[in-house]
Amino acid sequence: MLDLRDVDVYYGSSHVLHRTTLHVAEGETYALLGRNGMGKTTLVHTVMGFLRPRGGVITLAGERISGLASERIARRGVALVPQGRRVFPSLTVGETLEVSYRDGGREGWTLTEVCDRFPILGDRWGQTAGLLSGGQQQMLAIARALVTNSAVVLLDEPTEGLDPSRVTAVADVVAELARRGTTTLLVEQKVRFAVDLADRIGVLSRGEVVHSVAGGSMRKDPAPLYAELGFT
Amino acid sequence: MASLLSHVLNGLSFGSLLFLVASGLTLTFGLMRALNLAHGAFFLLGGYVALDLLGRTDSYWLAMLGAVVVVGLLGVAFERFLVHRVLHRELAQVVLTIGAAFVIADQILAYWGGRPVMPPRPPGLGGSVTIGDLTFPWFRLSLIVIALVVFVSLWLLINRTRVGAMIRASVDDEEMARSVGIRVPVLFMAVFGAGSALAAFAGVWGGAFTGLEPGGEFSILLLALVVTVVGGLGSVTGAFVAGLGVGLVDEFGKSLFPSFALFTIYAPVALLLAIRPRGLLGRVER
Ligand SMILES: Nc1ncnc2c1ncn2[C@@H]1O[C@H](COP(=O)(O)OP(=O)(O)OP(=O)(O)O)[C@@H](O)[C@H]1O
Ligand SMILES: [Mg+2]
């Protein structure tokens, strides 16, 4: 569904993604792990079109999306829950969801449905997003991506800084995405969280996917992953 | 008493004109950070196009509509083909849009000559109103009413409509706005067109107040920039308050200290910005 082939990304002269290759199958939940600064955010930003690869190609369902403007990539069916939330501070919760909403048919997310899932959004419908707490903003950032009803959802460390009850809520959303057949690329630092949810797991190191294993095998014994990530 | 009221009304009507010009700048410069120094030239061009069309059609309203549409479309093309390429590059914007201002003013000179002209006043607003022992032209009062209408409409558009929310989202975080599928370039092009159309409207309606001549584009631009900056970048409410404020300060300054006409505008502005660098109601810079 989502394919990166030999993707090279630079910031100026600093080379961050080195001929990165990654394949996420349709309906699959793929967890991408990696230590700080290894290029995980760079990778999802490149898929979303915030950054242009200097080499390689990214395809979505077989069609090239690398080089397109972000809004066109979005309309082809890619959504992003960015690291650090990045809600629109001057929009209310309701406005945020309304401008992001695209009809997803019978199986799609509706505004009512995301408010059922995250009741705080319904309660704060008229409140400016900039005034929500960090945790509330993260729920909004997730809901904003859901209501675009995209075939591919990229989540960049969605549990960063959340309290345990909210981490569970995020896990439920990832599981629900899998149930609906959405292709999900989950970037995580929390190995346990990723292992529990992912069909497959990859480790990004210095811009290369160095390890790619089935989630099931890691669930019983994630020790090799910890080793790969440099934890002891 | 009558003279005080007349000064207040004069100040408010001039301030209304300033707001009309500045409202377009607030949209383009304040919201998109696209500094359009050709804004004053669009004001001027609006007035001249309307005068020209009036000669051909003999209908004030057709001429007004034509000028607003022509200059609005010119603004759209200007954004699409030129300004768009220099978004986020301030110096390039300054050079490009100043250049455009000179080109437009030069073309006005070539087609319509360099003599000052006075666009006609809107039909039906020729008379005066008498309040006590003060008579005040309807036309000047109408400027205040129109500024109010434009202010309320813009405020509602930006704060209470879906398109307004999309504009604010794009200004808040352009990348994220694009990532939810908002066509930011189309939106900015439309906003730029609307800003140019507003300048043209001000040129037709307000030109009948100030008169028009090539060279006038920079004096009106300077005042509009002052209003935009004093009001706070991106704030329509700020521009409205600042427009009326600057109009009043100018009127009273001129009558109290006639020999310091420009000084009476710029001194209080400099003082205000020293105390509040982001203007009256500006957003905090990200
Ligand atoms: N805008 C930028 N300009 C220059 N270098 C950058 C920029 N953003 C990131 N980098 C560098 O690129 C490398 C990869 O950064 P990236 O943010 O993709 O890592 P990450 O894996 O997401 O890290 P984290 O787990 O901390 O979020 C880092 O060395 C970082 O310093
Ligand atoms: Mg990151």
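The values are calculated or read from the model by the stated rules, or taken from the named source; none is laboratory data. The model shown is predicted, which means the values in this text are computed figures rather than measured ones. Every residue, glycine as well, gets a Cβ built from its backbone with ideal geometry; the counts of neighbours run over all protein chains shown. We work out accessible area using only protein heavy atoms, side chains counted, and drop any ligands, DNA or RNA first. Shrake-Rupley method; radii C 1.70, N 1.55, O 1.52, S 1.80 Å.
Determine, yes or no, whether A:E98 is within 14 Å of A:A143 (Cα to Cα), within 14 Å of chain B (Cβ to nearest Cβ) and without any contact (Cβ under 8 Å) to a residue 24 or more places away in the chain.
Numbers: within 14 Å of A:A143 (Cα to Cα): yes; within 14 Å of chain B (Cβ to nearest Cβ): yes; without any contact (Cβ under 8 Å) to a residue 24 or more places away in the chain: yes.
Yes.
Scanning the range A:13-58 for residues being among the aliphatic types (A, V, I, L, M), part of a loop (DSSP other than H, G, I, E, B) and more than 16 Å from ligand 2 (Cβ to nearest atom) gives a total of 1. Scanning the range A:59-69 for residues that are assigned to a strand (DSSP E or B) and out of contact with any Leu (no Cβ under 9 Å at 6 or more places or on another chain), we see that the one that is farthest from ligand 1 (Cβ to nearest atom) is A:E63. Between A:W109, A:W125, the distinction of being more than 9 Å from chain B (Cβ to nearest Cβ), in a loop (DSSP other than H, G, I, E, B), touching a strand residue (DSSP E or B) at 6+ places or on another chain (Cβ under 9 Å) and not aliphatic (A, V, I, L, M) belongs to A:W125 only. For the structure I just gave you, tell me whether A:M38 is touching a residue at least 24 places away in the same chain (Cβ under 8 Å), away from chain B (no Cβ under 14 Å) and either within 16 Å of ligand 1 (Cβ to nearest atom) or of a type in the set (F, W, Y) (or both). It is true that A:M38 is touching a residue at least 24 places away in the same chain (Cβ under 8 Å), away from chain B (no Cβ under 14 Å) and either within 16 Å of ligand 1 (Cβ to nearest atom) or of a type in the set (F, W, Y) (or both).
Pick out, from the range B:170-257, the helices (runs of 4 or more DSSP H) lying fully within it that include 1 or more residues that are free of Cβ contacts under 8 Å to residues at least 60 places away in the same chain.
On the way: elements: B:174-179, B:184-205, B:207-210, B:216-231, B:236-256.
Qualifying helices (runs of 4 or more DSSP H): B:174-179, B:184-205, B:216-231, B:236-256.
Restricted to the range A:96-120, and to residues there that are among the β-branched types (V, I, T) and closer than 20 Å to A:R179 by Cβ, the residue that is nearest to ligand 2 (Cβ to nearest atom) is A:V114. Inside the range A:70-95, residues that are part of a loop (DSSP other than H, G, I, E, B), more than 7 Å from every other protein chain (Cβ to nearest Cβ) and either away from ligand 2 (no atom under 16 Å from the Cβ) or under 22 Å from B:T161 (Cα atoms) (or both) make up a count of 1. Within the option set A:L225, A:L186, A:L155, A:L229, being modelled with pLDDT under 95, within 16 Å of ligand 2 (Cβ to nearest atom) and either closer than 26 Å to A:G94 by Cα or crowded, with 17+ Cβ neighbours inside 10 Å (or both) holds for one residue only, A:L229. When the range A:41-55 is limited to residues that are touching an Asp or Glu at 6+ places or on another chain (Cβ under 7 Å) and within 16 Å of ligand 1 (Cβ to nearest atom), the one that is nearest to B:E174 (Cα to Cα) turns out to be A:F50. Identify the residue in the range A:80-126 that is under 20 Å from the mean Cα position of the chain (by Cα), among the small types (G, A, S) and open to solvent by less than 30 Å² (accessible area, probe 1.4 Å) and, among all such residues, is modelled with the highest pLDDT. Top of the filtered list is A:S100. For the range B:181-216, a residue qualifies if it is open to solvent by less than 10 Å² (accessible area, probe 1.4 Å), β-branched (V, I, T) and within 14 Å of chain A (Cβ to nearest Cβ), and the qualifying residues are B:I182, B:V184.
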